[in-house]
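Asks: I have a structure I would like to understand better, so I am pasting it below and will then ask my questions one at a time.
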Ligand SMILES: [Ca+2]
Ligand SMILES: [Ca+2]
């Protein structure tokens with residue numbers, strides 16, 4: 001049984017057989033918004049573009065690396081002092097599957113739309129915390145998105161072998177007006193990696209605001 005994470009919960013990355021989780025996927029699955037038509041005809045779907053991203057900080061809480069969509073405009077990022085997007089961390093320990101712009105158009109396909117693969121054994125020694133967060137590029141807030149969940153699992157982006165932990169994040173009134181969500185962080189403690197499910201939602205206009213918030217309020 002996978003662990004169903006709750007806001008604020010901290011977990012070890014220890015598996016049932018006593019070994020430790022070191023290579024896994026962090027994936028986010030979400031749905032486009034369905035609008036039904038008259039008498040069941042002419043329903044339409046409204047694309048939902050969530051972006052799963054992560055930033056890495058060192059022991060002092062300084063930003064040292066990032067993964068976010070290369071589709072973000074370079075001039076927009078530069079206004080906030082942020083470098084261009086990329087899908088690999090510096091040491092290739094983390095990799096993003098690519099920017100999904102729509103969400104599931106025909107109901108929940110149970111597959112993650114954006115996935116970051118993680119190999120903790122390859123993470124640079126300067127990295128102390130890895131924060132995972134979601135931004136909605138569109139105008140709707142998380143309470144309007146039919147479903148969105150994040151999970152950690154072993155396997156590959158196209159084949160889920162075993163789910164280690166999962167966390168549901170959308171379609172709840174508490175997310176009204178919220179367009180960004182800090183899902184959680186991987187962090188080192190006494191030489192071991194652990195995971196903390198943060199689950200805080202914000203009304204941020206874009207990912208640069210969320211990154212600034214993480215660095216200023218969570219990383220130190
Ligand atoms: Ca996206
Ligand atoms: Ca999906």
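Asks: What number goes with the only condition from (1) touching a helix residue (DSSP H, G or I) at 6+ places or on another chain (Cβ under 6 Å); (2) not in a strand (DSSP E or B) that residue 55 does not pass?
Replies: (2)
Asks: Right, another one. Quick check, is residue 85 away from ligand 1 (no atom under 16 Å from the Cβ), touching a helix residue (DSSP H, G or I) at 6+ places or on another chain (Cβ under 8 Å) and under 27 Å from residue 195 (Cα atoms)?
Replies: No: the conditions fail for residue 85.
Asks: Among the strands (runs of 3 or more DSSP E) lying completely within segment 120-195, list those that include at least 1 residues that are at pLDDT 95 or above. Outline the logic, then answer.
Replies: Working: elements: 129-136, 148-156, 159-168, 180-189.
Once the strands (runs of 3 or more DSSP E) in segment 120-195 are filtered for at least 1 residues that are at pLDDT 95 or above, what remains is 129-136, 180-189.
Asks: Also: Report the residue count in segment 97-115 for those that are farther than 19 Å from residue 142 by Cβ and within 16 Å of ligand 1 (Cβ to nearest atom).
Replies: 5
The values are calculated or read from the model by the stated rules, or taken from the named source; none is laboratory data. What you see is a predicted model; the values in this text were computed from it and never measured. FYI the Cβ positions are ideal-geometry reconstructions off the backbone, even for glycines, and counts take in every protein chain you see.
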